[in-house]
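The values are calculated or read from the model by the stated rules, or taken from the named source; none is laboratory data. The model shown is predicted, which means the values in this text are computed figures rather than measured ones. FYI the Cβ positions are ideal-geometry reconstructions off the backbone, even for glycines, and counts take in every protein chain you see. Heavy atoms of the whole protein, side chains included, go into the accessibility calculation; ligands, DNA and RNA do not. Shrake-Rupley method; radii C 1.70, N 1.55, O 1.52, S 1.80 Å.
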Amino acid sequence: MATSDLDFLLVQYEQKRRNAEIDLEQRKKQIYQKNPRLEEIEEQINKIAIHKTKSILIHKLTDSLNTEMENELMNLKQEKEKILKQEKIDDNFFKPKYECEKCKDTGYITYPNQKTQMCNCLKQKLINISYNKSNLSNLQKENFKNFNLNKFSDEVNMEKYKMNISPRKNIEEIKKASIHFIKNFENPDTKNLFFTGNTGLGKTYMTNCIANELLNLGKTVLYQTAPVLLETIIDHKFNKYKTSNINDFYSQVLSTDLLIIDDLGTECINSMKLSELFTILNARSLNLNNKVTKTIMSTNLSIEQVFRVYEEIIGSRIAGFYDIYYFFGDDLRLKK
């Protein structure tokens, strides 16, 4: 990923953090105008903390002085809690409202062992800039909250749909399975998802619903169509664009929490692409990157066609590591 993208995002993060701090100061100012005593208490607590720190540094913190300060702090905090309770003010009122509470809008998390790692929120923004582009642009409207079962027919028509349940009942079951997939995402035994069926039956919508939920849980999501995914991997492998970051894309494909491969079967397949696809599916299914990763694939191909087009090497991966769901019904795009 380009360093300029990271620098650009870190400037945004700095501004977000600063905005959260400014917002906190404004909220404090408003509440202090109404309750001057709260401001006095905060100032006294800070003074005691500073005094205690100085006493420790100059080795003048006696047991009696420490007890005196601790008692004073306890009394001040009790008084503060009483005022907050009377005014029905949550103690979180005095904390900055960061967009990401994990990294406090810094983009990085420092763990107790002093190891610092990039936060998933920053990773996702980098993924979006470099790879997802507009692929996840519909998440605001395509989510479970807006999911409308009434768009699906409740007609059971074996002759028409070749299934003994209605499209609505079928999509209810797929939605239920998708929610189970989300809730059990961290479980290594939870299988990946394979969505098959004609166009306009809700495969992309369901995929976006899942992606939206996982993003809200702080997971990273990489969404690409099969043609773009495989062409990009081949291009990077041969360093077609002469960049110094030839391993970035492949690394993201293998390590991102959720990889979504859309439109499987629309790419021009060859032995090299077949090999790369197998490597991706195998590494992610077996968690060979030392973390639990999941994959969702969607296609217009039937399972029989998948085995013919991608041969046993890919078909066996799908059969063994994916729960397969068939979408059927009437084209939703033709309905108002």
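Remind me, relative contact order of the chain in percent, using alpha carbon pairs under 8 angstrom and six or more residues apart?
Dividing the mean separation by the residue count of the chain yields 19 percent.
Measure nothing fancy, just the Cα-based angle from helix 271-285's long axis to the longest principal axis of the chain, in degrees from 0 to 90, nearest 10.
Between helix and principal axis, roughly 40 degrees.
(1) 0.97; (2) 1.01; (3) 1.35: which one is Cα Rg over 2.2 N^0.38 Å as calculated from this entry?
Only one option fits the structure, namely (3).
Long-range amide H contacts for residue 225: which residues qualify at under 5 Å (H placed 1.01 Å from N, peptide plane, sequence gap of 5 or more or a different chain)?
When sequence neighbours closer than 5 places are left aside, the close amide H contacts are 262.
Between helix 303-321 and the chain, what is the angle of the helix's C-alpha long axis to the longest principal axis, kept within 0 to 90° and rounded to the nearest 10?
40 degrees
Could you work out what % of the accessible surface of the chain is carbon and sulfur, using a 1.4 angstrom probe and leaving DNA, RNA and ligands out of the count?
In the chain, the share of accessible area belonging to carbon and sulfur is 51 percent.
Can you give me the accessible area per residue for the chain, using a 1.4 Å probe, in Å²?
Each residue of the chain exposes 58 Å² on average to a 1.4 Å probe.
Can you work out the Karplus-derived ³J(HN,Hα) for every residue in region 144-157? Use 6.51 cos²θ - 1.76 cosθ + 1.60 with θ = phi - 60°, whole Hz, and x for glycine or proline.
Ordered by residue, 3J(HN,Hα) equals 4, 4, 9, 5, 10, 5, 5, 6, 9, 5, 9, 7, 9, 9 Hz.
Checking the cross-link filter: which lysines have an alpha carbon closer than 26 Å to that of residue 85, excluding same-chain neighbours under 8 positions apart?
28, 29, 34, 47, 77, 95, 97
Enumerate the calculated ³J(HN,Hα) couplings along region 6-20 in order (Karplus 6.51 cos²θ - 1.76 cosθ + 1.60, θ = phi - 60°), each rounded to whole Hz, writing x wherever the residue is Gly or Pro.
Karplus-based 3J(HN,Hα) across region 6-20 equals 5, 4, 4, 5, 5, 5, 5, 5, 4, 5, 4, 5, 5, 5, 5 Hz.
Going by Cα centres, region 72-107 and region 249-278 are how many Å apart?
47 Å
Taking 0.36 nm per residue of separation and subtracting the Cα-Cα distance, what length does fully extending residue 57 through residue 183 add?
40.4 nm
For residue 162, put the label point 7 Å out on the Cα→Cβ axis and report which residues of region 310-335 keep their amide N under 15 Å from it.
Counting only backbone N, you get 325-330.
Could you tell me which of 61, 71, 250 has its Cα farthest along the dipole of the chain towards the positive end, charges placed at Cβ (Lys, Arg +1; Asp, Glu -1), taken about the Cα centre?
Result: 71, furthest along the dipole toward the positive end.
Can you find, among 30, 132, 11, the residue sitting farthest towards the positive end of the charge dipole of the chain, where Lys and Arg contribute +1 and Asp and Glu -1 at Cβ?
Selected residue: 30.
Using helices alone, what [θ] at 222 nm do you get for the chain, with -39,500 (n - 2.57) per DSSP H run of 4 or more residues, divided over all residues and rounded to the nearest 500?
The helix-only estimate for the chain comes to -17000 deg cm²/dmol at 222 nm.
Counting pairs of Cα atoms in region 25-165, how many percent are more than 25 Å apart?
When every Cα pair of region 25-165 is considered, 65 percent fall beyond 25 Å.
Once phi is turned into θ = phi - 60°, what whole-Hz ³J(HN,Hα) does the Karplus curve with 6.51, -1.76 and 1.60 give for every residue of region 51-58, x standing for Gly and Pro?
4, 5, 4, 4, 5, 5, 5, 9
Distance between the C-alpha centers of region 190-217 and region 293-317? Whole Å please.
Region 190-217 and region 293-317 have Cα centres spaced 16 Å from each other.
Using the Kirkwood formula on the Cα atoms of region 165-225, what hydrodynamic radius do you get, in angstrom to one decimal?
12.6 Å
Which cysteines in the chain lack any other cysteine whose Cβ sits under 4.7 Å from their own Cβ?
Isolated Cys, the chain: 209, 268.
Using just the C-alpha positions of region 244-336 as equal point scatterers, what log10 of I(q)/I(0) does the Debye formula give at each q in 0.11, 0.23 1/Å?
Here log10 of I(q) over I(0) equals -0.37, -1.30.
Report, in degrees rounded to the nearest 10, the 0 to 90 angle that the Cα long axis of helix 203-216 makes with the longest principal axis of the chain.
Taking the Cα atoms of the chain, the angle to 203-216 is about 20 degrees.
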